[in-house]
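Q: Structure provided below as structure tokens; questions to follow.
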Amino acid sequence: MNLLFIGPPGAGKGTQAGRVADRLGIPHISTGDMFRQHASNGTELGRRVDVIMKAGDYVPDEITVAMLAERIAEPDADGGFILDGFPRTLVQVEALDGLIGTDGLDAVIVFDVDVDELTSRLLARGRADDSEDTIRNRFDVYQSQTAPLLDIYGERGVVSRVNGLGELNDVTNRILDSLGQVRDAKDSAEPRARS
Ligand code: AMP
């Protein structure tokens, strides 16, 4: 199963993507984690993206797409994957369509979380790229660049909104429940030939 988790920064999507990936036995692919790994390894790419991440801006599409394309070509992604934090721009949506097809995602889980709650979560997390200015910028960038992606996936009929607040386990179960619903809805809407 190929899944995409989308949500504003601090919505808990990374944590939940990890938990759901474990439950489903598929890899959790986070471009943010991959960039942070490069930054902490001090690679050339890492030095370049470190500045961008600290400002709360997006890494250029060509860099991000090339890194993601390489990752999903690895054998552990053959049986499906959870994308967390990619795609984030229209160019990245098109690139992903080119890699897995426009019907390549089985479900897009969208996290609904209150903005005040998000801000306090982010400040409490205390990551290096989580200063107050950066947080504000990351929300703005999410609203302008990433929120429009929801319309595209909405039209494809694969979006499922999940309330991201509450106990970790409850949220995980809500996601697993909604995956069942999305899969059922998709199966009944588009019956496939059986051999
Ligand atoms: P995340 O952990 O997903 O919030 O990502 C942390 C940071 O990595 C973002 O604020 C961006 O600077 C960068 N990043 C992660 N994924 C992408 C992406 N798909 N496109 C552009 N930049 C990204």
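The values are calculated or read from the model by the stated rules, or taken from the named source; none is laboratory data. All values derive from a computational prediction rather than experimental measurement. Cβ: placed from backbone, ideal geometry, glycine included. Neighbour counts: every protein chain shown. The area values use the complete protein model at the heavy-atom level, side chains included, leaving out ligands, DNA and RNA. Shrake-Rupley method; radii C 1.70, N 1.55, O 1.52, S 1.80 Å.
Q: Out of D22, D33, report the one residue that is away from the ligand (no atom under 13 Å from the Cβ), surrounded by fewer than 17 Cβ atoms within 10 Å (Cβ to Cβ) and within 30 Å of N173 (Cβ to Cβ).
A: Details: D33 fails: away from the ligand (no atom under 13 Å from the Cβ).
Only one candidate passes the filter, namely D22.
Q: Another one. Go through the range 137-159 and report how many residues are within 13 Å of the ligand (Cβ to nearest atom) and in contact (Cβ under 8 Å) with a residue 40 or more places away in the chain.
A: Count: 8.
Q: Only residues that are under 23 Å from V110 (Cα atoms) and at pLDDT 95 or above: list them for the range 40-78, please. Step through it out loud before you land on a result.
A: Let us first name the residues in the range 40-78 that are under 23 Å from V110 (Cα atoms), namely 53, 56-59, 61, 64-65, 68-69, 71-72, 77.
The answer is V59, D61, T64, V65, L68, A69, R71, I72, A77.
Q: Just to verify a result, which residue in the range 36-72, among those that are of a type in the set (K, R) and more than 8 Å from the ligand (Cβ to nearest atom), is least open to solvent (accessible area, probe 1.4 Å)? Walk me through how you get there before you give the answer.
A: Restricting attention to the range 36-72, the residues satisfying the condition of being of a type in the set (K, R) are 36, 47-48, 54, 71.
The next check asks that each one be more than 8 Å from the ligand (Cβ to nearest atom); those that pass are 47-48, 54, 71.
On the way: R47: 151, R48: 137, K54: 102, R71: 41 Å².
Filtering first and then ranking leaves R71.
Q: Give just the number: which of (1) over 16 Å from G32 (Cα atoms); (2) open to solvent by less than 50 Å² (accessible area, probe 1.4 Å); (3) of a type in the set (D, E); (4) touching a Leu at 6+ places or on another chain (Cβ under 9 Å) does D112 not satisfy?
A: (2)
Q: For the range 88-121, which residues satisfy the criterion of being within 14 Å of the ligand (Cβ to nearest atom), within 17 Å of the chain's Cα centre (by Cα) and not in a loop (DSSP other than H, G, I, E, B)?
A: L90, V91, Q92, V93, E94, A95, L96, L99, F111, L118
Q: Something else: Condition (residue is in contact with a strand residue (DSSP E or B) (Cβ under 7 Å, 6 or more places away or on another chain), of a type in the set (V, I, T) and surrounded by fewer than 16 Cβ atoms within 10 Å (Cβ to Cβ)) applied to the range 86-103: is it met by at least one residue?
A: Checked against the condition, which is being in contact with a strand residue (DSSP E or B) (Cβ under 7 Å, 6 or more places away or on another chain), of a type in the set (V, I, T) and surrounded by fewer than 16 Cβ atoms within 10 Å (Cβ to Cβ), the range 86-103 yields at least one hit.
Q: I would also like to ask the following. Please verify whether G14 is within 10 Å of the ligand (Cβ to nearest atom), outside any helix (DSSP H, G or I), of a type outside the set (S, T, Y) and under 23 Å from G164 (Cβ atoms), treating the condition exactly as stated. Show your work before the answer.
A: Details: within 10 Å of the ligand (Cβ to nearest atom): yes; outside any helix (DSSP H, G or I): no; of a type outside the set (S, T, Y): yes; under 23 Å from G164 (Cβ atoms): yes.
No.
Q: Considering only residues that are open to solvent by 80 Å² or more (accessible area, probe 1.4 Å) and in a loop (DSSP other than H, G, I, E, B), which ones fall in the range 157-181?
A: E167
Q: Return a yes/no flag: does the range 138-153 have any residue that is of a type in the set (S, T, Y) and exposed (fewer than 11 other Cβ atoms within 10 Å of the Cβ).
A: Step one: of the range 138-153, the residues of a type in the set (S, T, Y) are 142, 144, 146, 153.
Filter again for exposed (fewer than 11 other Cβ atoms within 10 Å of the Cβ), leaving 144.
Yes, there is a match, as at least one residue in the range 138-153 is of a type in the set (S, T, Y) and exposed (fewer than 11 other Cβ atoms within 10 Å of the Cβ).
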